[in-house]
1. Of the listed peptides 244-250, 324-330, 89-95, what is their order by residue-averaged count of other C-beta atoms within 10 Å, with the highest listed first?
2. Ordered by packing density, taken as the mean number of other Cβ atoms within 10 Å over each peptide's residues, highest first, how do 128-139, 343-354 rank?
3. For the pair Arg146/Asp86, report the inter-label distance in nm, with labels modelled 7 Å from Cα in the Cβ direction.
4. Could you name the lysines whose alpha carbon sits less than 21 Å from that of Lys295, not counting residues in the same chain fewer than 8 places away?
5. Quick check: pseudo-label points 7 Å beyond the Cα along Cα→Cβ at Glu139 and Gln123, how many nm apart are they?
6. Would you mind checking segment 147-188 for residues with the amide N under 18 Å from a putative spin-label position 7 Å along Cα→C-beta of Asn233?
7. Based on Cβ point charges of +1 for Lys and Arg and -1 for Asp and Glu, what charge dipole magnitude is obtained for segment 269-341 about its Cα centre, in debye rounded to the nearest 20?
8. How far apart, in nm, are two points set 7 Å out from the Cα along the Cα-to-Cβ line at Lys106 and at Asp302?
Amino acid sequence: MIQKLRRFYFFLFITLLFVIGAYGNWYFTGEGRRDGLILETDARVKEERKAKARQAEMVYPSGEPTGIYIKTKGVLVLGIQELEVDGQQNASPAKHKLKSGDYILKMNETKITAKAQLLSLLQQNGDKEVIFQILRKGEEQKIKIRPVYSRKAQCYQIGAWIRNDTQGIGTITYLTEDGHFAALGHGISDSDLGVKMDISAGSVYKTNISTIMKGLPENPGEIIGSIAYIPENYLGRIEKNTESGIFGQLSRERKELCQGKKMEVAHAEEIKPGKAWIRTSISGETKDYAVEIEKITLHKQDVQKTLQIKVTDPELIALTGGIIQGLSGSPIVQNGKLIGAVTHVFVDDPTKGYGICAETMVEQGGEGEEEKASDGDIWCLLV
């Protein structure tokens, strides 16, 4: 009996030593501690560390309209078309092999960078079978196509409409101290396919606004301007095309695109419903116009629609009717902080639209590798 009691007390003693040791290690390593009757949990410690890591970003809100030119990786397939060949027959070599949205990266191991280059290579190849390396939904694969001689075009073709660039007008959201910029608040998508374009290069240029078409219900307005692709108008290169906007590096002085002072980027949790301001220079001078933040939806899957806004400023409504195409990227300011950028307009009510959180743009802009810019040609071609 005495021996059993000794064993019991011995195991009890060992157990107490283990518990005390574990608690002491937890206490002194900072994983948790007791201060009076308050015990800090792991969750609280992690939240404190996260808050320290989220240092406020300082940027220069812009609002300057800019001409945008981007070039795709390889050439983008827009669609397939039958070709008229000798006699009464039609042929469609690319049918069931290429699809809209595919990118042609290589032809017989030669890297494809432009539409005219691909057409030239097809002429050199003649009617021999060609191996194309394509990018489809993020995955590379190889396909074989035999070109035919088109009677109408009088050259060898595969029957695919292709494009390797696009252009338009948008707004620069903010600039950083080291000359980087963010614009649009959403990615650049192909106008025919509606998919975000994989780019190899791009540039931003000065633009001359010639007309502002006011937005009406069921008829969105737009900024109409001209872009002269000359060295004097070149502003910088686009390095990334993301879901949260385009990002790049300026080659000009920051003051050419921004007249305001540096401003703190608000954390999403700091944004409140109520009065805010849209900054834009479409009138010829940089102005802030009153808007109302009607709804905030954080952690939304579609980050481009986190903020629901309504234009209330009579001057901006008189000028544009509300939100129009080309205003995408216009910075939204509240309580002295940059909170977001305009992204979309309601088709049935041009005074209303959506915006993205500036914090999301800053996070997206800091991720990934840079891609250097180059030049390219315009529109699409049947090959």
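1. On the way: 244-250: 24.3, 324-330: 25.9, 89-95: 17.3.
The packing order, highest mean first, is 324-330, 244-250, 89-95.
2. Details: 128-139: 14.1, 343-354: 19.8.
In descending order of packing, they fall as 343-354, 128-139.
3. 1.4 nm
4. Correct list for Lys295: Lys272, Lys275, Lys305, Lys310, Lys337, Lys352.
5. Placing both labels 7 Å beyond Cα along the Cβ direction yields 3.7 nm.
6. Those under the cut-off are 165-172.
7. Numbers: 9 positive and 9 negative charges, 31 e Å.
The dipole of segment 269-341 has a size of about 160 debye.
8. Label-label distance for Lys106 and Asp302, simple model: 3.9 nm.
Values in this text are rule-based calculations from the coordinates and carry no lab data. All values derive from a computational prediction rather than experimental measurement. Glycine also receives a Cβ, built like all others from the backbone with ideal geometry; neighbour counts cover every protein chain displayed.
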